[in-house]
Each structure stands twice: as structure tokens, then as C-alpha cells.
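What follows draws every value from the coordinates through simple rules; no lab data is involved. Quick caveat: nothing in here was measured; it's all calculated off a predicted structure. Cβ coordinates were reconstructed from backbone atoms using ideal geometry, including for glycine residues, and neighbour counts include every protein chain displayed.
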Amino acid sequence: MHLEGIHHVTAITGDAPGNVDFYARVLGLRLVKKTVTQDDPTVYHLFYADERGSAGSDITFFEYPGARRGRAGAGMVNRVVWRIGSEEALDFWEERLRGEDVAVSRVEGRLTFSDPEGLGLELAVVETDDEPLVAESPEIPAELALQGFEGVRAYTSDPDASRAFLEGALTFEPRGENDFEARGERRGSFYAYDRTSDPGIPGAGTVHHVAWSSPPEEHEAWRQRVIEGGGSPTPVIDRFYFKSIYFREPSGVLFEIATLGPGFTTDEPLEHLGERLSLPPDFEHLREQVEPVLTPLPNPRESWAKR
Ligand code: ZN
């Protein structure tokens, strides 16, 4: 049994309009779901992904308006890495990001930069047989677009603390000294450590958790494996778009294991994903209370027809 790579990465923003502009317009991802967190329905939960809202391409944000900026430290993800297809794509992104006044650093097939709130991001030229997960954008040719996650890097004070759990309970394969791969039948992603004992500060521009993909029929078995490996998972929680368990791996990073499906078309047609506020059925009765409190957001695709 192996996890099918990253399902989604969830981070925190203090500025939903700026977040939509950066991830939907600048990076060219599709806003595939605009909903609220089930733990606090006055808080936006925004999902950006490929055209179909696929697991493996999905970066999500909780919005706490005006939240102060955080800083990644031990037990936190410090960088989210996407695949791109070629050096030409890297040239394109270097120029595009510089044109947006984003400071970029390019080394050996990789471009590192930060989002407007300081979240560490990277685009890496990767050869893989995994299906490219691409969103449509009027400004970004499909062959140059982001293709889904390659992996995440996290800080730890002691990489060895997590090794037995990652390789044993989660069946990650070691790929280098502090580098692992979660690869299932369809997709894979890396999980790598950088060392620090700085505790970090949660806040805007930091990652909240990383979720790994499980076929629905294996989800309960993964929960048992986490328990047997010494972890303390939550019960299975129905997130409506997928089912989830949460636990901290030994280095302190919050992990989730989420099911592949039912997915984002469960309450909206594919062609209109993310255009209106989606509330799971148990939260629909709160719509009149919740909608006026949320920051108004544009439909990033509204202007496309006018181009
Ligand atoms: Zn999640």
C-alpha cells in the first residue's frame, strides 16, 4: 500500500484578493472551489488547482483577513514545489515573475521565489510519466504551465526522528539523506527536510498542513497504519469533497491523508467551479450569515471573454 503523492497543500493568507490575483492570474491556476473552513465557517477556504480540480495540483488557503505574517520553522513546510515541463518554461516563468516584481532565484532547472506573503515556492523542470495537471490561462501557453506538485520541503531539528515513521507507517521510499518519495500507482511526490531548530511562527504566508492521497478503499487502513506506527490520527472526518484524517509526523509537521474523490464537481458543474460560494449541505443554512462577512472576491475568469 502506497500513498498517491500529495493530495493538497493548505496555507494561510491574510489577503484573499491578493491571494486570488497571485495564484489564479500570475501562476495561472484555476480557482476551483470557494468555500469556508468547516471548523470556522466565517473563514474562507480557497482552492486552486488544474482545470479539473485534481488532487496533486491543489494548493488551498484559509483566509484570516489582516493576519500577521508568519515564518516557517521546525515542524513546518517551508517550500512548495511545482513541476514544469522544460527549460523554455523556466525562461518564461523567470520573465513573467520578474515582470510582476517577484524576486526570483534560478539555479539548475529550478526557480525559487515567494508569494506576496512570503510563502516559499519553487518551479522545477521535471521529467516524469505522471500526468501533467494543467489549468487554462489566457496568458500562459499550456506547454509552459504548472503541471502539479513535485513535492514539499519541511524544516526539522532532527530528520532522523521521522525516518522510521515515514518509511514504516507511511511506506515513503528513501531517496537521499533527508529526502523521501511517496509514490502510488498513478502519481508520486517528494517530501524532503531542511534542518533548523528555529521554532517558526505560524501566520500568513506559512503552510498549515500537507495532505497525501489515498484511494477511498484504503483510507481506513492508512488510519490503522498511522496508529500502529505510533501516530495519533483524528477520526475520519467527512470534508464533503473528500474524507480526511490528520496527525503530526514525528518532526511536528501536520499531515493529512485525504481520499481521491468524490472531488469538487460533487456540488458544482466542472465549467463553473469556484464561481460562487460553495457550502457543504450541513453549512448551507449559514449562507445568509456567512456571505456578508467574507471578503468579496472577483471571479478570476470573468474578464476572459472580454479579451
Ligand atoms: Zn487539508
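Note on the chain: antiparallel DSSP beta bridges, both residues inside, total approximately 65 percent of the bridges counted. When peptides 198-211, 271-284, 6-19 are sorted by average Cβ neighbour count within 10 Å, with the highest value leading, the order is 6-19, 198-211, 271-284. Backbone phi angles across the stretch 221-230, fed through the Karplus curve with coefficients 6.51, -1.76 and 1.60 (θ = phi - 60°), yield HN-Hα couplings of 5, 5, 4, 5, 4, 4, 4, 5, x, x Hz in residue order; Gly and Pro are listed as x.
In the chain, helices alone account for a calculated mean residue ellipticity at 222 nm of -3000 deg cm²/dmol, with every DSSP H run of four or more residues adding -39,500 (n - 2.57).
With a simple spin-label model that places each label point 7 Å from the Cα along the Cα-to-Cβ direction, the separation between Arg248 and Asp179 comes to 2.8 nm.
When peptides 186-192, 56-62, 220-226, 119-125 are ranked by their average number of other Cβ atoms within 10 Å per residue, the highest-first order is 56-62, 186-192, 119-125, 220-226. The overall shape of the chain, judged from the alpha-carbon gyration tensor, is rounded, with an a/c ratio under 1.5. Across the stretch 127-169, counting alpha-carbon atoms alone, Rg and Dmax equal 16.7, 46 Å. Each residue of the stretch 161-167 is assigned a 3J(HN,Hα), and the resulting list reads 4, 9, 4, 5, 5, 5, 7 Hz, derived from the Karplus form 6.51 cos²θ - 1.76 cosθ + 1.60 (θ = phi - 60°), x at Gly and Pro. For Asn78, nonlocal amide neighbours, meaning residues 5 or more places apart or on other chains whose placed amide H falls under 5 Å from its own, are Arg153, Ala154, Tyr155. Taking a ≥ b ≥ c as the square roots of the eigenvalues of the Cα gyration tensor, the stretch 86-200 is oblate, since a/c reaches 1.5 or more and a/b is not larger than b/c.
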